[in-house]
Amino acid sequence: MINRSFVTQKLQNKILLTLEMTTAKRAPKAKSSGVSFSEAAASSSHVHFDDKLHDSIVMVTPVPDGSFLVKVGFLKVQHKYEIVFTLPEIPSLGSDVCAAPLPNLHLRITDNTALPEGGHRITCEYMAHQEGVMKEEVFLISETSENACVKVTVQARVMDRHHGTPMLLEGVRCIGAELEYDSEQSDWQGFD
C-alpha cells in the first residue's frame, strides 16, 4: 500500500523546486545593494545602509571635451544652496583662475580658492528653480592666458517641495528658501 501523505509531500517539494528554478531564470540577477534587511530589522521596522553610503559627497567628473560635470544630488525646488567642490589642477588655466563674467540667473560662483596641493576649491550658490534633472553652466577663465577657458556643468535632481526633504551630499548646504506663493492666501478683495 502507498502512503499518500508521503507521495503528496514529495510532489509538493518537486513543484516548489520547479517553481524556484523557473523564478530564478526569469528574475533579474541581484546587484549589489546599499540596503539590507534582517529579521530583527523587519520586526523593528529599521533599514540598515552600507557604510559607504554615508560618505556621499559632491562628485566632480572630467568630461572628454575638457569640461567638468559636477553632480550635487537631490535638491528641493525654490530653495537656495551653497555648493562647495574641488576641481583638479587644470594646466591650461594656470593658477590664476576666475569666473567668467557671463550671467547665469540660477548659478553663480561666490569664491574660488587655489589649493596648495594644486587645483581649486570652488564655492557657488545655486537656486533650484524648476523640478527635474537640471544642468547649469559656469565658465572658469585664466587671468594670465587670454583664450584659456573651462566649462563647469552643475547637475542637480530637483524635486517638488511636496516630496519630502532630500538628504544633502557633503559639500551642499541649504542657505534659504523662497516663500511659496498661494493665490488663496491673498488679502486682495478684487474690483468693486
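Read-outs throughout are calculated quantities, based only on the coordinates presented, and are distinct from any laboratory measurement. These numbers come from a predicted model, not from an experiment. Quick reminder, even Gly has a Cβ in these numbers, built from the backbone with ideal geometry, and neighbours come from all protein chains shown.
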How big is region 57-98 on each of its three principal axes, counting only the C-alpha atoms and giving the largest first in Å?
-> 36, 23, 17
Quote the convex hull volume per residue of region 69-192, based on C-alpha atoms, as a whole number of Å³.
-> 130
Roughly how many nanometres apart are two label points built 7 Å out from the Cα toward the Cβ at E89 and H162?
-> 5.2
Relative contact order for region 51-177, counting Cα pairs under 8 Å that sit 6 or more residues apart, in percent | 37
Amide H contacts under 5 Å for V158, restricted to residues at least 5 apart in sequence or on another chain and with H modeled in the peptide plane, are L75, G132, V133, M134
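Under 9 Å from the Cβ of T110, count the other residues' Cβ atoms, weight Lys and Arg +1, Asp and Glu -1, and hand me the total. Present the calculation step by step, with values, prior to reporting the outcome.
On the way: positive: R108; negative: E82, D111, E125.
Once all neighbours under 9 Å are counted, the net charge is -2.
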Beta bridge orientation in region 51-177: antiparallel %, DSSP, nearest 5 = 85
Under the Karplus relation with 6.51, -1.76 and 1.60 and θ = phi - 60°, whole-Hz ³J(HN,Hα) for region 115-126, x at Gly and Pro, equal 8, x, 7, x, x, 9, 9, 10, 10, 9, 10, 10
